[in-house]
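Derivation of every value follows stated rules applied to the coordinates shown; laboratory data play no part. Note that the structure is predicted; figures quoted are calculated from it, not measured. When we count neighbours, we look across all protein chains shown, and the Cβ atoms used for this are built from the backbone with ideal geometry, even at glycine.
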Amino acid sequence: MLPTRQILLALALVTTIAASFVDFSEPQELPEPQAQAKSVVAVKASEPQPPAQTASAPLRERFAAQALNVFEPRSWQPPPPPPPKAQAPSAPTLPFRYLGKVQNGDQIMVFLDQSARTHLVKKGDTLAGYKVEDITMANMTFVYLPLNEKQSLTFGSAN
């Protein structure tokens, strides 16, 4: 007698073959003959008829839009990095070095060194593209005129 395993495999094979020949889809309803006759009469013979829409037409259009050329040459190199973003211009570092200060009444004047040249500046003076906006005992504020950007030079209050 055949073993149980062979019987089950043979039964599965027969079931698979039988299932491939059987149509499990639901039968489509056919329109009544009178309805067809009325629709044929209603349609004018001179008007061109649009092609019949099939169920696969929307799928076909969607996949056609995504179609790729399979024979198109491809590069497997990674894409180049994006170019660096342009940075907004900024003021250069202050070209001055603090040397000392003098207080004359309410007015404070500061001695600055700029590449071996000594300048004596007070509030409101303009020097090398910088305007002295404010002077306190601990620091002074410059405005870089081309960009209207503020910068500070801190020197402490002991001097």
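Most tightly packed first, judged by the mean number of other beta-carbon atoms within 10 Å of their residues, the peptides 11-21, 114-124 read 114-124, 11-21. From most to least packed by mean Cβ count within 10 Å, the peptides 146-157, 128-139 give 128-139, 146-157.
With the charge dipole of segment 97-154 set up from +1 on Lys and Arg Cβ and -1 on Asp and Glu Cβ about the Cα centre, the Cα lying farthest toward the positive end among the listed residues ASN139, GLY100, GLN151 is that of GLY100. Taking a ≥ b ≥ c as the square roots of the eigenvalues of the Cα gyration tensor of segment 97-154, is the shape rounded (a/c under 1.5), prolate (a/b larger than b/c) or oblate? Since a/c reaches 1.5 but b/c is at least a/b, the shape of segment 97-154 is classed as oblate.
Working out 0.36 nm times the residue gap between GLN66 and ARG97, then minus their Cα-Cα distance, what length gain in nm do you get to one decimal?
Values: separation 31, 0.36 × 31 = 11.16 nm, distance 6.57 nm.
Separation in residues times 0.36 nm, less the Cα-Cα distance, equals 4.6 nm.
Spacing of the modelled spin labels on ALA19 and LEU145, each 7 Å from Cα toward Cβ, amounts to 9.0 nm. Counting only Cβ charges, +1 for Lys and Arg and -1 for Asp and Glu, the dipole size of segment 97-154 around its Cα centre is about 120 debye.
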